[in-house]
1. Test of understanding: among 56, 74, which residue is surrounded by fewer than 23 Cβ atoms within 10 Å (Cβ to Cβ), in contact with a helix residue (DSSP H, G or I) (Cβ under 8 Å, 6 or more places away or on another chain) and at pLDDT 95 or above?
2. All but one of (1) touching a strand residue (DSSP E or B) at 6+ places or on another chain (Cβ under 6 Å); (2) buried (at least 24 other Cβ atoms within 10 Å of the Cβ); (3) in a loop (DSSP other than H, G, I, E, B) hold for residue 186, so report the exception by its number.
3. Can you tell me how many residues in the range 325-343 are assigned to a loop (DSSP other than H, G, I, E, B) and buried (at least 17 other Cβ atoms within 10 Å of the Cβ)?
4. Given the criterion at pLDDT 95 or above and under 22 Å from the mean Cα position of the chain (by Cα), identify the matching residue among 267, 283.
5. Determine, yes or no, whether residue 416 is over 22 Å from the mean Cα position of the chain (by Cα), assigned to a helix (DSSP H, G or I) and more than 20 Å from residue 202 (Cβ to Cβ).
6. Can you find even one residue in the range 148-161 that is under 25 Å from residue 183 (Cα atoms) and part of a helix (DSSP H, G or I)?
7. Quick one: in the range 401-415, which of the residues that are surrounded by 14 or more Cβ atoms within 10 Å (Cβ to Cβ) and out of contact with any helix residue (DSSP H, G or I) (no Cβ under 7 Å at 6 or more places or on another chain) is nearest to residue 310 (Cα to Cα)?
8. If residue 418 passes every condition in (1) crowded, with 17+ Cβ neighbours inside 10 Å; (2) modelled with pLDDT of 95 or more; (3) over 30 Å from residue 506 (Cβ atoms) but one, which one does it miss?
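The values are calculated or read from the model by the stated rules, or taken from the named source; none is laboratory data. Source: prediction; values computed, not measured. When we count neighbours, we look across all protein chains shown, and the Cβ atoms used for this are built from the backbone with ideal geometry, even at glycine.
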């Protein structure tokens, strides 16, 4: 018996059986409620135990009518009411009566043998950079404190179509800039493990909400580690997919930002990706992928797999005391599943990669925020970091973009060379442990000054500029009791294989499976 959830694990459907019965988590599931699912009479003692269930377990029980969508919603809302005021992970929470009405409708549909998808009845909060019709999209900025979205984004639409009930938003840094979630609209989100340190960002609200069991799964976005850094800071999973796998915008260029999934475990993260992935006609850069692939079993034999350990790039990156040894110790998880781990130094000047990044970052931020800068009223409301990015691109010539593109191509070539020897590349997810939430950003690491508001998170840009899939997996806890993570970089378009590696490592190490924030005790 699972002590945390009162579930008889021997009677819960396997992932393989669940996939067969639910159609791989896609929309259009029919008559699931009438199927004789082999699940237990779980959560009999306390309906609040529902918040402890994994996404796959919860979907299993909802579709087997062992727990109602109304009961799930009540369980989550009660839990959010108790926990969220201290951590501030979920914002713009909708009214309870509205949410219960929607949950009741979900139950009515199941009684008729109708299911919207694997997330049927799930409470879900969307990152506050993404539009949800009728809800505030503040982006953490006072400029948009009254910005009510008129329609759903592609991502929101897909989550709704999979059956989720949108309960609110997850908190972000202002405009998503900086890997520390605080803003003048809603304030800071605090780390799930001590309630006073940074939750990371920009998907900090999403990561903290996951770790604190306030949502089942979470969506996020990633330009400079925003799916990875907060996942590391909160001991959960964050997955940055190959660009285009999850539709993003109406742009014809391949973008550096990505939308992607987060979860308390790798299996749930992959299931959410099966919902988010796939071509959309409004997003011309989106890929013609097969989303159902990500709902398939993740088990794989990794005996003999070769893993290249990038570490701190031969001393180039400064790291908090104890961080690198912790991550090196965590590499044993790869060895435990049969992998061979060797240190590797890439033939590429890392300082050049940083300059390449600054060019792209200035260009992207300026192209989106320039109208706010040009208006004196809105410029006065921009945070200094946003102004710095916009002004950094003021005199940028076409040659600068061309040079940065060529530099990025050389970086990718260096990775291709490494991938001739190694199946995966691994490095720390962050350079610092979660820090005091009252400071804006770390000004130095081990005595080395950080010359920009984001230099302390430089370790994530190799993954971003690679265009390869990158998974954050937990690496354990520092002497301060706060989490850290590892980035697993897979080959471009090998998103499923990267998730398989993350799953194998997770099963061997179990940091996110067995160790939870003390407030949940």
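1. Working: 56 fails: surrounded by fewer than 23 Cβ atoms within 10 Å (Cβ to Cβ).
Going through 56, 74 in turn, just one is surrounded by fewer than 23 Cβ atoms within 10 Å (Cβ to Cβ), in contact with a helix residue (DSSP H, G or I) (Cβ under 8 Å, 6 or more places away or on another chain) and at pLDDT 95 or above: 74.
2. Checking residue 186 against (1) touching a strand residue (DSSP E or B) at 6+ places or on another chain (Cβ under 6 Å); (2) buried (at least 24 other Cβ atoms within 10 Å of the Cβ); (3) in a loop (DSSP other than H, G, I, E, B), the one that fails is (2).
3. Step one: list which residues in the range 325-343 are assigned to a loop (DSSP other than H, G, I, E, B), which gives 331, 337-339.
This time we only want the ones that are buried (at least 17 other Cβ atoms within 10 Å of the Cβ), so: 331, 337, 339.
Here the count works out to 3.
4. Numbers: 283 fails: at pLDDT 95 or above.
On inspection, the qualifying residue turns out to be 267.
5. Details: over 22 Å from the mean Cα position of the chain (by Cα): yes; assigned to a helix (DSSP H, G or I): yes; more than 20 Å from residue 202 (Cβ to Cβ): yes.
Yes; evaluated as a whole, the condition is true for this residue.
6. There is at least one residue in the range 148-161 that is under 25 Å from residue 183 (Cα atoms) and part of a helix (DSSP H, G or I).
7. Restricting attention to the range 401-415, the residues satisfying the condition of being surrounded by 14 or more Cβ atoms within 10 Å (Cβ to Cβ) are 401, 403-404, 407-408, 410-412, 414-415.
Filter again for out of contact with any helix residue (DSSP H, G or I) (no Cβ under 7 Å at 6 or more places or on another chain), leaving 403, 410, 414.
On the way: 403: 25, 410: 17, 414: 13 Å.
Among those residues, the one meeting the criterion is 414.
8. Against the list (1) crowded, with 17+ Cβ neighbours inside 10 Å; (2) modelled with pLDDT of 95 or more; (3) over 30 Å from residue 506 (Cβ atoms), residue 418 comes up short only on (3).
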